[in-house]
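Since the structure comes first, as structure tokens, the remarks are kept for the end.
The values are calculated or read from the model by the stated rules, or taken from the named source; none is laboratory data. What you see is a predicted model; the values in this text were computed from it and never measured. Please note: Cβ atoms are built from the backbone with ideal geometry, for glycine as well, and neighbour counts cover all protein chains shown.
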Amino acid sequence: AQKITQTQPGMFVQEKEAVTLDCTYDTSDQSYGLFWYKQPSSGEMIFLIYQGSYDEQNATEGRYSLNFQKARKSANLVISASQLGDSAMYFCAMREDILTGGGNKLTFGTGTQLKVEL
Amino acid sequence: EAQVTQNPRYLITVTGKKLTVTCSQNMNHEYMSWYRQDPGLGLRQIYYSMNVEVTDKGDVPEGYKVSRKEKRNFPLILESPSPNQTSLYFCASRRIVQGSEAFFGQGTRLTVV
């Protein structure tokens, strides 16, 4: 069964600093995808970044990058130059059978609450 | 604007009173699903649908029903709500292609008293 672990319930970072949010996963599938979502206090879920298990390069989207270490089964999110608006809950998620576009559910971690301070 | 729309956003109801949370997407996505979010548990899938008239159970389907009569709509039905169904509910949709991300609705905060 697939499982996502986020061991940091809460994190603090100073504005303009970089921060890494940890995510480890467990799956027996060879083909899977890893996603990060942001949930601000208003409650909506915002897609940030995606990494496929067969992608050789680490994914990047603006200030977000995904540090994918397949052998260690980790998919950490790195936010560079933190801004006050980055304060939110961040969820790591995984979906198996990614290549066909099928698969099924996203399995989510329990989230990390990030607070950016002045 | 491409979006997933849920209604209502907030709902307080009493135990046993049937309710429906609507979900509609305008992106022609084949796949739709419902999740519930509870503190310390992340999001868990309730039901999903791969296409019209095709639905299946997720991890926590007890006490819920769904239907997919049209591609764009995927309502969540609670026939007899109970207090343990108090939660934040999300509808999501995506294309069935490699690496597609899920688009989420704004969420529905349900309280059952």
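Considered as a group, the residues in the range A:89-118 that are at pLDDT 95 or above, surrounded by fewer than 20 Cβ atoms within 10 Å (Cβ to Cβ) and over 12 Å from the mean Cα position of the chain (by Cα) include one that is farthest from the other protein chains (Cβ to nearest Cβ), and that residue is A:GLU117.
In the set (1) touching a Ser or Thr at 6+ places or on another chain (Cβ under 6 Å); (2) under 29 Å from B:SER87 (Cβ atoms), A:MET89 fails one condition alone, (1). Among the residues of this structure, A:SER82 does not count as one that is closer than 14 Å to A:GLY43 by Cα and either modelled with pLDDT under 95 or away from chain B (no Cβ under 14 Å) (or both).
Among all residues of the range B:76-92, there is none that is touching a Pro at 6+ places or on another chain (Cβ under 8 Å) and under 25 Å from A:TYR37 (Cα atoms).
Quick check: anything in the range B:53-64 surrounded by 15 or more Cβ atoms within 10 Å (Cβ to Cβ), more than 13 Å from the chain's Cα centre (by Cα) and not aromatic (Phe, Trp, Tyr)? Within the range B:53-64, none of the residues are surrounded by 15 or more Cβ atoms within 10 Å (Cβ to Cβ), more than 13 Å from the chain's Cα centre (by Cα) and not aromatic (Phe, Trp, Tyr).
Restricting the range A:19-45 to residues that are closer than 17 Å to A:LYS115 by Cβ and hydrophobic (A, V, I, L, M, F, W, C) leaves a set whose member that is surrounded by the fewest Cβ atoms within 10 Å (Cβ to Cβ) is A:VAL19.
When B:PHE90 is evaluated against the numbered criteria (1) modelled with pLDDT of 95 or more; (2) more than 11 Å from the chain's Cα centre (by Cα), which criterion, by number, is the only one it fails? With (1) modelled with pLDDT of 95 or more; (2) more than 11 Å from the chain's Cα centre (by Cα) applied to B:PHE90, the lone miss is (2). Only residues that are more than 7 Å from chain A (Cβ to nearest Cβ) and in a loop (DSSP other than H, G, I, E, B) were counted in the range B:103-113, giving 2.
For A:GLY43, state whether it is in contact with a Gly (Cβ under 7 Å, 6 or more places away or on another chain) and part of a strand (DSSP E or B). The answer is no for A:GLY43.
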